[in-house]
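The values are calculated or read from the model by the stated rules, or taken from the named source; none is laboratory data. No experiment lies behind these values; they were computed from the predicted model shown. Neighbour counts run over all protein chains shown; Cβ positions are idealised from the backbone, glycine included.
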Amino acid sequence: MICLGIDTSNSPLSIALAKDQTVLIEEISNLKINHSLTAMPAIEEMMKKANVMPADLTHIAVAQGPGSYTGVRIGLTIAKTLAWSLKIPLHMVSSLKVLAANGQYFDGIICPVMDARRGTAFTGAYRGGTLEEVIADRHSDFKDFLKILKSLNEPVLFTGEDAAVHEKAIREIMGDTAFFSAPQNRLPRASHLIMLAQQTEAKDVHFAVPEYQRITEAEANYLKSQDGQSI
Amino acid sequence: MNKDRYVLGIETSCDETAASIVKNGTEIVANVVASQIESHKRFGGVVPEIASRHHVEQITIVIEEALKQAEMVPEQLHAVAVTEGPGLVGALLVGVNAAKAFAFAHQLPLIGVHHIAGHIYANRLEQEMQFPLLALVISGGHTELIYMKEHGSFEVIGETRDDAAGEAYDKVARTLNLPYPGGPHIDRLAHTSSNPVPFPRVWLEEDTYDFSFSGLKSAVLNYMHNATQRGEEVLPEDVAAGFQNSVVEVVTGKTLRAAEEYKVQQVIAAGGVAANKGLRNSLEKEFKKLGIPFYIPSLPLCTDNAAMIAAAGSVMFEKGIRSNMAMNGRPGMEMSSWI
Ligand SMILES: [Zn+2]
């Protein structure tokens with residue numbers, strides 16, 4: 001098994017290659033450069049370093065979202081096109097779960113955070129150790145979500161670059177049950193993605209679409225206007 | 001040895017997800033277009049984020065379908081050509097990244113194509129080009145007159161200073177309560193009018209080949225507004241015909257004058273609005289009088305498609321032009337020559 005992992009769901013870029021249970025190479029950058037420009041050159045370069053040809057790949061793993069709409073789409077487009085072209089299985093993992101894996105051994109609950117503006121976030125809750133889902137991924141008002149977390153009465157580790165954006169609210173609501181991952185453990189790692197992907201079923205490539213966790217603004221406005229008419 | 005060249009084209013610059021395979025730059029082997037018009041209709045126009053979401057859903061399906069239609073495997077292809085720009089940024093990115101991944105997987109040369117060059121080269125799939133040549137590219141996003149000395153040489157001699165012709169059509173259609181996309185409805189209505197409203201012709205300065213459609217659009221809106229204020233009945237066909245006559249007269253007039261001044265061997269039209277019957281008839285009639293050969297591709301090649309991208313990409317391929325994995329979608333890409 002040689003698996004390529006790709007996570008471009010937010011501004012960091014992470015790619016990795018693993019052979020069976022061995023991580024061969026991993027790259028993480030947080031330079032806020034356009035993924036459309038950098039993702040494919042980075043993959044090409046990394047595979048050259050590892051002396052792996054496209055035809056040698058046996059699996060593709062991709063972070064399916066949520067995250068930046070454009071970012072998620074770039075990773076997914078590359079992943080599904082590669083998997084389909086090479087006729088190899090495509091595995092998709094929640095981008096939030098990939099982040100949660102940064103705190104895998106935390107004794108309690110892990111809460112990955114991606115800011116989604118106006119006090120909202122893409123977030124979820126995972127069990128430390130097993131990384132089982134405790135609260136499903138969602139787009140939510142973040143303070144409302146913190147209240148649900150608080151009610152679980154367990155220590156919670158907050159991870160992801162954007163946990164810092166909401167630090168004040170987190171401390172306010174969670175008090176001393178809140179923990180924060182160290183800066184070096186806040187970026188997504190494609191090696192985690194590859195290992196998590198091994199626990200998932202392969203996805204039918206043609207039906208592989210991002211998990212946006214939110215409808216578009218145009219659709220939301222349209223639905224609102226339809227409601228208005230029916231009253 | 002077989003000298004035939006096969007190029008895969010991919011186009012996702014707006015609301016069509018398309019893939020095509022073209023042989024030797026002139027012959028369509030497969031042409032697949034997944035249109036999103038139905039999804040955007042309820043919003044009265046293309047919603048960029050929704051367009052991008054559809055492209056991701058469709059992209060591998062349309063490429064697979066193209067290969068199936070062609071009864072080919074990727075190993076038989078010589079290059080991958082993709083629309084690099086201009087267009088909607090999020091939409092372009094899907095095609096560009098799919099093309100890069102496909103080219104990388106099969107170690108094929110990658111070529112980034114300008115969307116308008118694609119529209120022009122759509123003609124070559126039906127009729128060989130004769131130089132020097134004048135191209136009128138007229139669509140929802142573009143209104144341009146381009147002079148070509150030879151293959152790959154583009155000189156934009158006129159362009160719109162505000163709205164594209166197709167945009168003006170859509171806006172006027174909306175004020176007449178016609179469904180989106182409005183162009184074909186205006187064209188159809190215009191033919192039923194016996195008393196077109198005399199809207200102004202916007203020629204701009206005497207020596208320019210540039211266009212402007214926002215003044216005409218405002219004139220139509222004012223006319224509608226004043227008629228409503230006075231309680232007068234407005235016949236939509238008269239407004240449609242008046243508007244269309246003004247567009248057709250100016251576009252035909254400028255294209256004719258440019259063809260004469262540049263002494264071209266051939267005039268070609270391209271883009272969705274080039275399929276408009278009123279415009280088509282007027283151009284055909286006038287160029288016949290003038291004795292300059294005029295061509296317009298059949299409807300499926302006028303609107304956005306990937307065969308045109310593969311056709312332009314084929315010529316670029318022969319000229320040795322290549323892109324690399326760092327190619328990005330370029331929403332505001334300028335047109336530049338290949339030589
Ligand atoms: Zn077009």
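Residues of the range B:304-339 that are outside any helix (DSSP H, G or I) and within 18 Å of residue B:139 (Cα to Cα): B:304, B:305, B:306, B:331, B:332, B:333, B:334, B:335.
Residues in the range A:24-36 that are closer than 22 Å to residue A:57 by Cα, within 19 Å of the chain's Cα centre (by Cα) and β-branched (Val, Ile, Thr): how many?
Final tally of qualifying residues: 1.
Would you check if there is a residue in the range B:276-284 being more than 14 Å from chain A (Cβ to nearest Cβ), closer than 20 Å to residue B:86 by Cβ and within 16 Å of the ligand (Cβ to nearest atom)? Among the residues of the range B:276-284, not one is more than 14 Å from chain A (Cβ to nearest Cβ), closer than 20 Å to residue B:86 by Cβ and within 16 Å of the ligand (Cβ to nearest atom), which makes the answer no.
The set of residues from the range B:148-175 being at positive phi and within 13 Å of the ligand (Cβ to nearest atom) is empty. Note on the range A:130-231: enclosed helices (runs of 4 or more DSSP H) holding 2 or more residues that are more than 14 Å from residue A:109 (Cα to Cα) and acidic (Asp, Glu) are A:167-174, A:217-230. Scanning the range A:94-102 for any residue that is over 13 Å from the mean Cα position of the chain (by Cα) and either crowded, with 24+ Cβ neighbours inside 10 Å or modelled with pLDDT of 95 or more (or both) turns up nothing. Listed by position, the helices (runs of 4 or more DSSP H) inside the range B:28-122 whose residues that are more than 9 Å from chain A (Cβ to nearest Cβ) number at least 3 are B:37-41, B:48-70, B:115-121. For the range A:118-127, the count of residues that are more than 14 Å from chain B (Cβ to nearest Cβ), under 16 Å from the mean Cα position of the chain (by Cα) and closer than 27 Å to residue A:81 by Cβ is at least one. If we keep just the residues of the range A:84-97 that are in contact (Cβ under 8 Å) with a residue 12 or more places away in the chain and part of a loop (DSSP other than H, G, I, E, B), which is nearest to residue A:127 (Cα to Cα)? Checking each candidate, the answer is A:94. Is it the case, given these coordinates, that residue A:81 is polar (S, T, N, Q), within 25 Å of residue A:17 (Cα to Cα) and assigned to a loop (DSSP other than H, G, I, E, B)? Taking the combined requirement at face value, the residue does not satisfy it. In the range B:167-189, the residues that are closer than 19 Å to residue B:228 by Cβ form Cβ pairs under 7 Å with partners that are aromatic (Phe, Trp, Tyr) and crowded, with 18+ Cβ neighbours inside 10 Å, at six or more places apart or across chains, as follows: B:172/B:243.
Of the residues B:136, B:145, B:93, B:88, only one is within 15 Å of the ligand (Cβ to nearest atom), closer than 29 Å to residue B:183 by Cα and buried (at least 24 other Cβ atoms within 10 Å of the Cβ); which?
B:136
Taking the numbered list (1) at negative phi; (2) surrounded by fewer than 23 Cβ atoms within 10 Å (Cβ to Cβ); (3) at pLDDT 95 or above in turn, residue B:25 passes all entries but (1). For residue B:74, the conditions (1) away from the ligand (no atom under 15 Å from the Cβ); (2) farther than 17 Å from residue B:326 by Cβ; (3) in contact (Cβ under 8 Å) with a residue 12 or more places away in the chain; (4) crowded, with 22+ Cβ neighbours inside 10 Å are fulfilled apart from (4). Report yes if residue B:114 is at pLDDT 95 or above and assigned by TED's automatic domain parsing to the domain that holds residue B:306, otherwise no. Spelling it out, residue B:114 is indeed at pLDDT 95 or above and assigned by TED's automatic domain parsing to the domain that holds residue B:306.
One residue stands out in the range A:78-93 among those that are within 14 Å of chain B (Cβ to nearest Cβ) and within 15 Å of the chain's Cα centre (by Cα): the one that is nearest to residue A:181 (Cα to Cα), namely A:92. Counting just the residues of the range A:33-63 that are outside any helix (DSSP H, G or I), within 11 Å of chain B (Cβ to nearest Cβ) and touching a residue at least 24 places away in the same chain (Cβ under 8 Å), which one comes out nearest to residue A:14 (Cα to Cα)? Per the stated criteria, the residue is A:60.
Against the numbered list (1) in contact (Cβ under 8 Å) with a residue 40 or more places away in the chain; (2) away from the ligand (no atom under 13 Å from the Cβ), residue B:260 comes up short only at (1). Within the range B:20-40, being within 16 Å of the ligand (Cβ to nearest atom) and small (Gly, Ala, Ser) holds for B:20, B:34, B:35. Filter the range B:294-339 down to the residues that are of a type outside the set (A, V, I, L, M, F, W, C) and within 14 Å of chain A (Cβ to nearest Cβ), then identify the one that is farthest from the chain's Cα centre (by Cα). Among those that are of a type outside the set (A, V, I, L, M, F, W, C) and within 14 Å of chain A (Cβ to nearest Cβ), it is B:324.
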